[in-house]
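First up is the structure itself, then whatever we jot down about it.
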Amino acid sequence: MNLPNMKAAKVRGAEVVQYLENINKKESAFEGKNYFLRTYGCQMNVHDSEEISAIVENLGYQKVDKMEMADLVILNTCAIRENAHDKVFGYLGRLKHLKKEKPDLVIAIGGCMPQQESVTNEILKKHPYVDIVFGTHNIHDLSRLLLEHQKKQEIEVYSIEGNVYENVLYKRDSKITAWVNIMYGCDKFCTYCIVPFTRGRQRSRELTPILAEVRELKEQGYQEITLLGQNVNAYGKDLANPVSFATLLREVATIGVPRIRFVTSHPWDFTDEMIDIIAKYDNIMPYIHLPLQSGSSRILKLMGRRYTKEDYLSLFQKMKEKIKHVAITTDIIVGFPNETREDFESTIDVVRTCEFDGAYTFIFSPREGTPASLMKDNISLEEKESRLQQLNELVNSNSLKKNQEYLDKIVSVLIEGISEKDSKKVYGYTDTMKLVNVIALPDVIGKIIQVKITDAKSFSLDGEQVL
Ligand code: 5AD
Ligand code: SF4
């Protein structure tokens with residue numbers, strides 16, 4: 001195999017590419033063949049997989065849910081922490097065996113991992129049975145890559161040059177809720193984070209095509225849309241004519257989709273105007289995912305987060321005061337290099353004060369190429385695990401307490417499907433993003449119904465439909 005062809009990074013002035021090829025004309029090259037797609041990581045990857053599905057189905061492939069039935073296996077990978085990376089390499093071992101039994105199997109690896117040069121080199125050297133390697137910036141190349149591969153040309157492409165794509169076709173997983181990308185990449189360069197390297201610098205879409213996409217989704221009957229970006233609050237700052245996220249939110253809200261959500265927020269870019277808009281429009285959901293990362297101002301500084309413990313607490317308070325029954329969840333990293341017991345106690349203190357509705361907690365994982373990976377990691381794994389456990393106990397008891405506040409209340413729930421645990425129930429989410437398993441007939445799927453909450457656990461609620 002050839003080594004990848006890597007283009008130089010274009011830091012600013014991302015091109016807007018109208019994405020019309022590949023999708024207007026159905027290619028029958030792979031008619032009758034099956035593909036299996038496995039997605040790792042965040043919502044951005046899940047949404048990218050909807051684009052990947054549209055591309056390969058347009059080539060004639062049909063989706064299967066067992067890799068053994070597939071002629072094409074695509075792994076859409078994540079690089080955020082070492083364990084995500086390890087999972088993919090573990091899975092590759094299984095694919096190697098499968099390819100021995102089925103030599104025509106095509107294996108493609110995309111997503112965030114190949115955006116790291118060292119990882120791509122590792123795949124190419126140690127896993128030569130992988131046929132196609134593509135990065136987050138080359139999804140639109142996938143149809144060409146597959147067609148060329150069929151002609152027995154060996155190709156791997158990944159680039160670190162990010163553009164903005166319009167007219168992208170998605171094969172959306174749901175007919176009820178949809179993701180809408182409002183921006184690509186991130187400019188924050190938190191010292192632990194690989195994202196600015198795997199997804200490139202921040203590139204916002206223009207307001208007009210975003211609003212057009214939302215209008216189209218509304219016409220198709222979607223009940224909920226989630227505006228997607230690594231740091232949505234910084235939306236529009238990079239446009240030639242800057243637009244604020246507050247303006248985008250207001251414009252989206254007036255289109256009238258019943259539920260609007262957004263992820264992910266960065267406290268530094270969250271303005272009072274944004275809070276006011278969220279509070280003002282009933283169809284902007286009172287749910288905010290606001291990563292804290294650490295409750296110690298000293299560690300926050302080392303992380304390059306640009307806010308202190310006090311800044312976070314005052315923003316949090318403002319949200320609670322202004323947005324009726326808002327639910328706030330967070331992300332926290334423990335065991336960042338040099339985190340002392342005292343720093344950790346400061347995180348515990350913030351978690352006690354805020355009583356988050358939920359929190360995703362992680363042990364710091366050094367990512368090659370990030371500044372934090374060069375910092376001396378001076379905390380033992382045992383200590384990190386004990387901090388994580390202590391934090392999780394508090395986080396889970398807060399979640400339970402918050403969920404118990406819903407007992408006997410009647411809340412609106414958007415029903416998304418049949419409950420996985422009990423086929424006699426349906427499941428959906430409250431406006432505050434609480435998962436509810438509901439006793440109701442399946443004809444409520446896709447509707448917002450009133451539900452009386454009958455039981456509360458740490459991670460879900462139970463309820464019955466109120467007619
Ligand atoms: N180590 C541990 N957790 C990380 N995250 C991002 N990078 C790392 C890392 N190197 C966490 C952050 C972020 C979430 C998506 O993943 O908490 O908000
Ligand atoms: Fe990573 Fe920080 Fe950007 Fe979030 S804001 S994607 S943590 S660099």
Taking the stated definitions as given, is residue 344 touching a strand residue (DSSP E or B) at 6+ places or on another chain (Cβ under 7 Å) and away from ligand 1 (no atom under 14 Å from the Cβ)?
yes
Would you be able to say whether some residue in the stretch 178-190 is β-branched (Val, Ile, Thr), crowded, with 17+ Cβ neighbours inside 10 Å and closer than 28 Å to residue 369 by Cβ?
yes
I'd like the residue in the stretch 429-444 that is under 24 Å from the mean Cα position of the chain (by Cα) and at negative phi and, out of all such residues, is surrounded by the fewest Cβ atoms within 10 Å (Cβ to Cβ).
435
Which numbered condition residue 248 misses (of (1) in contact with a Phe, Trp or Tyr (Cβ under 9 Å, 6 or more places away or on another chain); (2) buried (at least 21 other Cβ atoms within 10 Å of the Cβ); (3) without any contact (Cβ under 8 Å) to a residue 60 or more places away in the chain):
(3)
Looking at the stretch 290-309, which of the residues that are outside any loop (DSSP other than H, G, I, E, B) and buried (at least 19 other Cβ atoms within 10 Å of the Cβ) is nearest to the chain's Cα centre (by Cα)?
293
With the requirement that a residue be closer than 19 Å to residue 325 by Cα, assigned to a helix (DSSP H, G or I) and open to solvent by less than 40 Å² (accessible area, probe 1.4 Å), what does the stretch 254-289 give you?
274, 275, 277, 278
Residues that are touching a Gly at 6+ places or on another chain (Cβ under 8 Å) and either under 25 Å from residue 117 (Cα atoms) or modelled with pLDDT under 90 (or both), at least 3 per element: which helices (runs of 4 or more DSSP H) completely within the stretch 142-237 meet that?
195-198
The residue that is farthest from residue 333 (Cα to Cα), considering only those in the stretch 203-245 that are open to solvent by 10 Å² or more (accessible area, probe 1.4 Å) and within 16 Å of ligand 1 (Cβ to nearest atom), is 226
Residue by residue through the stretch 251-262, note down the ones that are over 16 Å from residue 430 (Cα atoms) and without any contact (Cβ under 8 Å) to a residue 40 or more places away in the chain.
253, 254, 256
Just to be sure I understand, how many residues within the stretch 445-467 are of a type in the set (D, E, K, R), open to solvent by 40 Å² or more (accessible area, probe 1.4 Å) and over 21 Å from residue 220 (Cβ atoms)?
4
Out of (1) in a helix (DSSP H, G or I); (2) more than 25 Å from residue 42 (Cα to Cα), what's the single condition that is false for residue 248?
(2)
Which pairs have Cβ atoms under 6 Å, sit 6 or more apart or on different chains, and link a residue in the stretch 230-244 that is more than 16 Å from residue 195 (Cβ to Cβ) to one that is modelled with pLDDT of 95 or more and part of a helix (DSSP H, G or I)?
243/207
So, of the residues in the stretch 65-79 that are over 17 Å from residue 120 (Cβ atoms) and touching a helix residue (DSSP H, G or I) at 6+ places or on another chain (Cβ under 9 Å), which turns out to be most open to solvent (accessible area, probe 1.4 Å)?
68
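The values are calculated or read from the model by the stated rules, or taken from the named source; none is laboratory data. Since this is a predicted model, take the numbers as computed values, not measurements. As a convention, Cβ positions derive from the backbone with ideal geometry for all residues, glycine included, and neighbour counts pool all protein chains shown. Remember, those area values only see protein heavy atoms, side chains included, never the ligands or the DNA or RNA. Shrake-Rupley method; radii C 1.70, N 1.55, O 1.52, S 1.80 Å.
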